[in-house]
Structures are given as C-alpha cells and as structure tokens.
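Taking it in order: structure first as structure tokens, then the write-up.
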Amino acid sequence: MFRKVEESQTLLINTQSKNLAAQNKELIKFGFGQSPFLPPKQVMDELKSAVHHKEYSSVQGDLELRQYMADFHKAHNGLTVLADDILIGPGSKILIFNTLMAFEKANVFIPTPSWVSYGPQAKLAGHNIIQLPTDFDQKWRISAESLKKASKHKLHRATILILNYPGNP
C-alpha cells in the first residue's frame, strides 16, 4: 500500500505553464525556484575544471566546503561547528526531506503560508503536521504565543520546526 499525498503544486503549475506556452499564451513562470539566469562565470569555470573527477563526492557534501562553512560560522557568528556536523546538498528540498526521514515520529511545525512541499514531505515521513499561522500584520513571523498554542496539538516526543529564511513564499 502506498502513502497518498496531494499532487505537487509546483509540478501542477509547471504542467499548466507548458500547456499555456503550447497555446502561444504570454506568461511569466514562477512555479519552480530555478533561476532563468546562468550561474556566474566563476562557478561555471570551477565546474569545468572539476569535470575530470569520476568518483562520487561525500554524502555529507564536499569536505573543503563544509570546513569553509564551519570557519565562516566561527568567524561571523562565534559558533564552534565541526565540518563533520555540516551537510551540504543540492537544494533545501532534499535536505529537509532527509531530515524528516531521520525521525520515526515527530511533530512538524510549519509556519503558514509556506512552500508547498513541506507539508507533503512531512506527511510522507509519517509525521504529525502542525501549522503555525502567520500574517502580514506580524510580518509573517511566528510568535511565542502561536508556538505555545500549537504545542497543544503535539502527539510525539520529537519536534521539528521548518523555518525557512527568507520566507518562501
């Protein structure tokens, strides 16, 4: 038996955009978070210089980059973080999903509005989803009061807060 989640809203928007484009309709696509611009030249040059590598990289991400991030947080935030405690991934969606899957059962607090994937990912992981309402007047910020009120809906010991900054949307 499969777990059921609603259709991906980003894939739905992409399909609708393709259908409109096929009808020669003028549109501006905002469905996917992919940039319409090429990466900076320096990034493309670095990728070209590394193309001869044939081995897989570390599942945690490139050690040199993880060490750079650890040093950055020490210098800029005063945080002592080990490179082994840092994960580098191809995007936040897979990193969030992997984090959710690391827990057997958890309460997942999701500020709303939020990106459309967070709820379905938490559902696929079998977690208890708890929405934290936000609004324009509060600048889309969660409050201690909203966390306290939402905590009444906790079902599990573990709790995860998905807090995306800058907010998405």
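The condition of being among the hydrophobic types (A, V, I, L, M, F, W, C), at pLDDT 95 or above and in contact with a Gly (Cβ under 7 Å, 6 or more places away or on another chain) holds for only one of I88, I129, that being I129. Selection over the range 94-145 of residues that are free of Cβ contacts under 8 Å to residues at least 12 places away in the same chain and among the aliphatic types (A, V, I, L, M) gives a count of 4.
Going by the structure shown, is F37 of a type outside the set (A, V, I, L, M), in contact with a strand residue (DSSP E or B) (Cβ under 6 Å, 6 or more places away or on another chain) and part of a loop (DSSP other than H, G, I, E, B)? Criteria not met by F37. Of all positions in the range 98-111, none carries a residue that is in contact with a Pro (Cβ under 8 Å, 6 or more places away or on another chain), surrounded by 14 or more Cβ atoms within 10 Å (Cβ to Cβ) and among the hydroxyl-bearing types (S, T, Y).
All conditions but one from (1) over 24 Å from G89 (Cα atoms); (2) in a helix (DSSP H, G or I); (3) at pLDDT 90 or above apply to S17; the one that does not is (3).
How about the range 46-80: which of its residues are exposed (fewer than 11 other Cβ atoms within 10 Å of the Cβ), part of a helix (DSSP H, G or I) and not aliphatic (A, V, I, L, M)? Those that are exposed (fewer than 11 other Cβ atoms within 10 Å of the Cβ), part of a helix (DSSP H, G or I) and not aliphatic (A, V, I, L, M): K48, S49, E64, H76, N77.
Tallying residues that are modelled with pLDDT under 85 and within 24 Å of the chain's Cα centre (by Cα) within the range 46-57 yields 2.
The values are calculated or read from the model by the stated rules, or taken from the named source; none is laboratory data. Fair warning: this is a prediction, and the values are worked out from it, not measured in the lab. Methodologically, a virtual Cβ is constructed for each residue, glycine included, from the backbone with ideal geometry; neighbour enumeration extends over all protein chains shown.
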